[in-house]
Amino acid sequence: MNQNGKAIEARLWDAADELRANSKLRSAEYSVPVLGLVFLRYADHKFQQAAQELVETGSRRRRIGPADYQARGVLYLPEEAQFSALIGLPEGENIGAAINAAMNAIEAENPDLRGVLPKTYNRFENALLKELLKTMNSVPMDIEGDAFGKIYEYFLGHFAMSEGQKGGEFFTPTAIVQLIVGIIEPFHGRIFDPACGSVGMFVQSAHFVEEHKGKPSADLSIFGQERVAETVRLGKMNLAVHGLAGDIRQGNTYYEDLHHSVGRFDFVMANPPFNVDRVDKERLKDDPRFPFGMPRTDNANYLWIQLFYSALADTGRAGFVMANSASDARSSELEIRQRLIETRVVDVMVAVGPNFFYTVTLPCTLWFFDKGKR
């Protein structure tokens, strides 16, 4: 993003931070509503562009309707959900209730977003919401390319930093994601992230395709799974502001294989939680996603590693973040690692220094699999 774009990001963040400071809410409570307004401003931007084009190219013999917008890959916004309607609300009108109604109206017209958009704006004071709407409305209509996507990612990163430990559950630093994507090169095919958070892996994969003159909507099929419902909503909005579609489902990946993943995907990318304990391995004993057996230690790292391996198609590639301790773990984990190495899919491992992540100060390792090299 150019300097003007960075200035817009900073100005929007300052307005959002003022909302936090004056609302007495924790970051986790105001982050989703703020990101919802970024989403709404993006949707309005695309809608107004499409409306102008439809007027210029359309026929006067029929009324332009929702199907015309959907055919252009644009969300249809009823009048009450358009930014101009919210900005023009009369003095004294309940702005929070109006934004909630706008979100409901968008979901009614766009079933893929049903249950996704935030509707808690009545918790904020009118004056704060009015200022935030005005700031969002100041984003110029001729803003370049994927600017709203970049703004959304900028906000995600700041919210992750402000939430500390919890923030890393939904956001992986962009530099790490770019490195993973650059190594496994997802030019075309089915991508899977079974711990997808706010879907940064998918967004960077789309950027990679665009940089190589491809079309993400045609070249990539996106599949994700995430345990936390609120994070699923963040991820679905993130896809939307980048103009992407994907099948993102809520579920506990250890026990629920919602995408029937075994042998299905060309690319697997993930940043799973490290060193998780108390996974009920009795429930997983006969699961084909764990072909090398159950680790006897109370640690899920080698469950994740097997999940990534088993999801790959015959020539698939994987890249994922893993705790350093998994690289030289002993006992049953060593046995699993040995069997994995014997398959010849382990391609390369990259050491990452400390303090790269919001949740982990210790160093970690990036693992890469390539079934096509066997």
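A short reminder: the numbers here are calculations on the coordinates, not readings from a lab. Note that the structure is a prediction, hence the values are computed from the model and not measured. When we count neighbours, we look across all protein chains shown, and the Cβ atoms used for this are built from the backbone with ideal geometry, even at glycine.
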Exercise for the section: Using the Cα centre as the reference, give the magnitude of the dipole from point charges on the C-beta atoms of the chain (Lys, Arg: +1; Asp, Glu: -1; all else neutral), rounded to the nearest 20 debye. Expected result: 460 debye
Problem - Neighbour net charge for GLY224 - beta-carbon separation under 12 angstrom, K R +1, D E -1 - result: +1
Exercise for the section: Binning at 10 Å from 0, report for region 299-374 what percent of all alpha-carbon pair distances ends up in each bin. Expected result: 18, 51, 27, 3
Handout entry: Taking the convex hull of Cα positions in region 3-162, its mean projected area over all directions (nm²)
Key = 10.0 nm²
Fill in the blank from the handout: Here the gain from full extension of SER327 to VAL350, 0.36 nm per residue of separation minus their alpha-carbon distance, amounts to 7.2 nm
Practice task
Averaging sequence separations of C-alpha pairs under 8 Å and six or more residues apart, then dividing by the length of region 170-373, give the relative contact order as a whole percent.
Solution key: 19 percent
Handout entry: Chain lengthening between ASN122 and GLU79 when straightened (0.36 nm per residue, less Cα-Cα)
Key = 13.5 nm
Handout entry: Those lysines that a straight Cα-Cα span of less than 24 Å connects to LYS46, excepting residues fewer than 8 apart in one chain
Key = LYS6, LYS119, LYS130, LYS134, LYS150, LYS213, LYS215, LYS236
Fill in the blank from the handout: quick note, region 170-373, DSSP beta bridge pairs, % antiparallel (nearest 5) is 45 percent
Problem - In Hz, Karplus ³J(HN,Hα) per residue of region 340-350 (6.51, -1.76, 1.60; θ = phi - 60°; x = Gly, Pro) - result: 5, 4, 5, 6, 6, 8, 5, 9, 7, 10, 10
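Run through the DSSP bridge list for the chain and note the antiparallel percent, rounded to the nearest 5.
On the way: 13 of 29 bridges.
Once the DSSP bridges in the chain are tallied, antiparallel ones form about 45 percent.
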Exercise for the section: Would you mind giving the three semi-axes, in whole Å and largest first, of the ellipsoid equivalent to region 209-306 according to its Cα gyration tensor? Expected result: 29, 16, 12
Problem - Proximal charge balance of GLU256 [Cβ under 13 Å; K/R count +1, D/E count -1] - result: 0
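Please compute the contact order of the chain in relative form: average sequence separation of alpha-carbon pairs under 8 Å and at least six residues apart, divided by the residue count, as a percent.
Across the chain, relative contact order equals 13 percent.
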Handout entry: Cut-off under 5 Å, modelled amide H: who pairs with GLY316 long-range
Key = LYS371, GLY372
Completion exercise
Protection proxy (average C-beta count within 10 Å per residue), highest first, orders 108-120, 233-245 as 233-245, 108-120
Exercise for the section: Would you mind telling me which residue in LEU12, LEU128, LEU307 has the biggest mean-square fluctuation in a Gaussian network model of the chain, where springs connect alpha carbons within a distance under 10 angstrom? Expected result: LEU128
Exercise for the section: Specify the residue with the greatest mean-square fluctuation among VAL74, VAL279, VAL32, computed from a Gaussian network of the chain linking alpha-carbon atoms under 10 Å apart. Expected result: VAL279
Problem - Prolate/oblate/rounded call for region 170-373, Cα gyration tensor, a/c under 1.5 rounded - result: rounded
Practice task
Report the local net charge at ILE341: Lys and Arg +1, Asp and Glu -1, summed over other residues whose C-beta lies under 14 Å from its C-beta.
Solution key: 0
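Out of every Cα-Cα pair in the chain, what percent are more than 25 Å apart? Before the final figure, lay out the partial values.
On the way: 39703 of 69751 pairs.
In whole percent, the long-distance tail amounts to 57.
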Completion exercise
Per the charge dipole of the chain (beta-carbon charges, Lys/Arg positive, Asp/Glu negative, Cα centre), the residue among LEU312, ASN324, GLY88 reaching farthest to the positive end is LEU312
Fill in the blank from the handout: Residue by residue through region 125-130, the couplings from Karplus 6.51 cos²θ - 1.76 cosθ + 1.60 with θ = phi - 60°, in Hz, x for Gly and Pro, are 5, 3, 4, 5, 5, 4
